[in-house]
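The values are calculated or read from the model by the stated rules, or taken from the named source; none is laboratory data. Here the structure is a predicted model, which means the values were calculated and not measured. In this analysis, Cβ positions are derived from the backbone assuming ideal geometry, glycine residues included, and neighbour counts consider all displayed protein chains. Surface areas here come from the heavy atoms of the whole protein model, side chains and all, with no ligands, DNA or RNA. Shrake-Rupley method; radii C 1.70, N 1.55, O 1.52, S 1.80 Å.
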Amino acid sequence: MESSYSAADLKFTLFTILIIFMFSPAVAYDPLDPSGNITIKWDVMSWTADGYVAAVTMNNFQLYRHIGAPGWTLGWQWAKKEVIWTMVGSQTTEQGDCSKFKANIPHCCKRNPTVVDLLPGVPYNQQFANCCKGGVVSAWGQDPSASVSAFQVSVGLAGTSNKTVKLPKNFTLLGPGPGYTCGPAKVVPSTVFLTTDRRRKTQALMTWNVTCTYSQFLASKNPSCCVSFSSFYNETITPCPTCACGCQNKKNNCIMSDSKEAHRKGVNTPRKDNSPLLQCTHHMCPIRVHWHVKLNYRDYWRVKVAITNFNYRMNYTQWTLVAQHPNLNNVTQVFSFDYKPLVPYESINDTGMFYGMKFYNDLLMEAGPQGNVQSEVLLQKNKDTFTFKQGWAFPRKVYFNGDECMLPPPDTYPFLPSSANVNLVTYFTLVASVLLVILSIC
């Protein structure tokens with residue numbers, strides 16, 4: 001009996017599976033940070049005459065992806081006809097139509113409010129714990145104490161008990177650009193709080209969580225960084241791949257580094273749409289990471305890592321660089337960066353995070369003479385497994401600010417010369433030396 005399943009049907013099925021995979025939440029899975037997410041927690045602290053007062057806390061549980069300037073933007077859709085009476089520690093970007101209210105005017109009447117953090121320096125009575133940082137949130141692996149942002153919201157025209165309140169839906173998070181996908185709000189056990197004297201516990205009247213995960217595919221169709229390689233044992237410098245970050249808009253958003261345009265006043269001014277202005281390069285990436293195998297000792301080897309910013313309109317604060325390399329389990333010393341090993345799986349210790357020292361080099365300036373940071377790393381050799389052959393000295397993966405960088409093709413890495421070539425070079429060097437001695441005598 002012949003199958004009625006044709007080749008066309010098979011192609012269609014495979015295409016469907018591919019589309020489902022590409023647009024499913026599984027795309028957000030990061031093998032180097034499998035538990036990384038941003039969790040938004042709503043704690044109802046008290047009931048009011050027509051609603052509730054809630055503390056909203058945003059916890060960034062991502063090891064190496066932070067939210068930089070201009071900060072996060074949080075949105076949702078109300079389940080009923082709720083309004084926001086007041087906010088502390090944040091504000092909505094629009095008030096909406098509040099014309100039906102005569103005496104007390106709500107802070108926001110929009111069905112789908114958009115909330116942003118307040119800027120530093122606001123009056124004390126407008127502040128809330130962990131608020132007012134301009135929406136900047138550190139990565140949990142870099143600075144856990146600064147990986148939290150929070151505000152208070154008073155909601156009206158809502159339920160007045162945990163049986164009548166309706167959870168908001170359709171949550172969105174920009175951090176600061178696209179890339180995050182938020183799941184539905186889910187009721188969880190009420191949060192327990194400890195008083196300042198640590199002698200009494202209280203708890204929220206109701207708590208729900210929203211989990212948001214990041215996908216680089218959703219953030220941008222092109223990478224935002226690339227990697228180049230070089231070594232002491234090979235004169236070949238492996239550059240970033242051509243058009244690694246896309247070259248479609250090269251004429252519109254790139255200028256030569258030595259042109260008058262690059263030094264014109266105002267060229268560094270950020271745009272509202274965060275559009276980049278890049279130095280013209282063959283790779284057209286805002287960030288290039290260069291990994292140079294510098295020195296080889298008997299028991300150690302030394303690497304120089306340099307990060308260069310080619311964007312004239314972007315300073316990178318609290319930047320992070322993650323590398324996956326089999327010898328990172330034997331890091332002996334890091335000279336100009338802070339370093340923290342990342343162990344996403346207990347049995348594997350081959351990933352580490354580099355980041356700038358506070359008040360020293362944690363700010364990567366825009367393109368120009370100051371637009372780079374660099375450090376050197378000393379690694380101990382494992383004599384049973386160590387080798388420079390076949391590109392072993394170079395990382396398998398590199399991330400900058402949480403986005404994976406494009407690496408050169410493996411066959412272009414600076415490999416060790418073959419032993420035959422080494423012996424041949426040594427032979428000709430010896431012959432040349434002998435000839436020089438004979439000529440000098442003559």
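Some points to look at:
- Of all residues in region 23-37, none are of a type outside the set (Val, Ile, Thr), over 30 Å from Lys397 (Cα atoms) and at pLDDT 95 or above.
- Thr351 modelled with pLDDT of 95 or more and under 24 Å from the mean Cα position of the chain (by Cα): no
- Scan of region 173-202 for residues that are of a type in the set (Gly, Ala, Ser) and surrounded by 17 or more Cβ atoms within 10 Å (Cβ to Cβ), ordered by number: Gly175, Gly179, Ala185
- Among residues of region 127-153, those that are open to solvent by 20 Å² or more (accessible area, probe 1.4 Å) and under 16 Å from Thr57 (Cα atoms), counted: 12
- Pairs are defined by a Cβ separation below 9 Å, a sequence spacing of at least 6 or placement on different chains, a first member in region 189-206 that is among the β-branched types (Val, Ile, Thr), and a second member that is assigned to a loop (DSSP other than H, G, I, E, B); the pairs so defined are Thr191/Ala204; Val192/Ala204; Thr202/Thr195.
- In region 404-416, residue modelled with the lowest pLDDT [restricted to those that are out of contact with any helix residue (DSSP H, G or I) (no Cβ under 8 Å at 6 or more places or on another chain) and open to solvent by 60 Å² or more (accessible area, probe 1.4 Å)]: Asp411
- In region 371-398, the residues that are closer than 24 Å to Gln216 by Cβ and part of a loop (DSSP other than H, G, I, E, B): Gly371, Phe394, Pro395, Arg396
- In region 160-193, the residues that are outside any strand (DSSP E or B), among the hydrophobic types (A, V, I, L, M, F, W, C) and either under 15 Å from Thr213 (Cβ atoms) or in contact with a Leu (Cβ under 8 Å, 6 or more places away or on another chain) (or both): Ala185
- Residue match in region 278-290 (condition: of a type in the set (D, E, K, R), over 20 Å from Cys226 (Cβ atoms) and in contact (Cβ under 8 Å) with a residue 24 or more places away in the chain): no
- Qualifying residue in region 334-346 (condition: open to solvent by 60 Å² or more (accessible area, probe 1.4 Å), β-branched (Val, Ile, Thr) and at pLDDT below 90): yes
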